[in-house]
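Notes follow once the structure below has been shown.
We did not get these values from a lab; they are worked out from the coordinates using the rules stated. Quick caveat: nothing in here was measured; it's all calculated off a predicted structure. Note: ideal-geometry Cβ built from the backbone for every residue, glycine included; neighbour counts use all protein chains shown.
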Amino acid sequence: MSDERPAVDGIALRFPSVSVFDQPDTHSRELKLLHQGDPFEVLTDQPASGPDGEFCQVRLADGTVGFVYAPNLAGPVRPPSPEERALTYQPAPLRTGRSATLPFLLNPMAVEEWRLWTPLTVEQCQGVLAAALRPGGVGSGRELAESGWNPSVLGQVTDQGFTLWKRHVYRSWYIATQAYGRFQPAPDGTRVVLRLSMDRLSNVLTLATLAAVAIWWLYSQLPVSLLTLGGLVAVGVFLMGRLLARDEGQYLLTFVAENLRTEERPLPTECTPQ
């Protein structure tokens, strides 16, 4: 059996002639001058690194083996790396969640959990989200948009995961929906456990407010009608705020999915959060 490596097809010279060197270095000995139309083969799909960049090992028609500066070749000089493939991965679309439904919106303790997968590494996930959450620099709105920054989403990214919320300009953050995510390394990428819910401080404040209204209604000496009106106002403010937040969960989910190229995928048993 021959131990020769298979040649890489579909590669041609980018210029009328290029030099073939003894080593992956433009300062090494020049073996031949290769002209367009001369037959040659590229012997490896992974270019060799040299002082001046990447070089492809080639074999000429007379059997000479040497190195050509990779930018002088046109064609698939090398296959995309796993990182490059991950950044161009097209995931399956996500289904519509329940964060916009009334049972979710009207329950302060409701949590919607998504179990997602992305071909990106944990480090790539952190970098992509961090870049999408901060301005790309001072400039026009178009320049900021081209930098990848999303001005509608705020949050923070840590080694363990992230917290996201939508920017509000017309109401309080008190009744907003937030996204909490955790990264879990996997052999084929990263698992992302995403939870949509009211933020934790809002949960505490909401329950405390409802409890205060109930206690006030039970023990206050004010007329029952006035107490009932106060309770209805408090509940109405909560309900109105949650209805205004009905699009936030799906918006944050889409933000994560589009930036991290995630698709829904059940977690293995050993990775399932408790």
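Per residue, the convex hull spanned by the Cα atoms of segment 12-79 amounts to 72 cubic angstrom. Residue order for I175, I215, fewest other beta carbons within 10 angstrom first, comes to I215, I175. Legend: calculated FRET efficiency, Y89 to A48, from the Cβ-Cβ distance at R0 = 30 Å, rounded to 0.05, equals 0.60. Distant-in-sequence amide contacts of Q178, defined by a placed amide H-H separation under 5 Å and a gap of 5 or more residues or a different chain, comprise S197, M198, D199.
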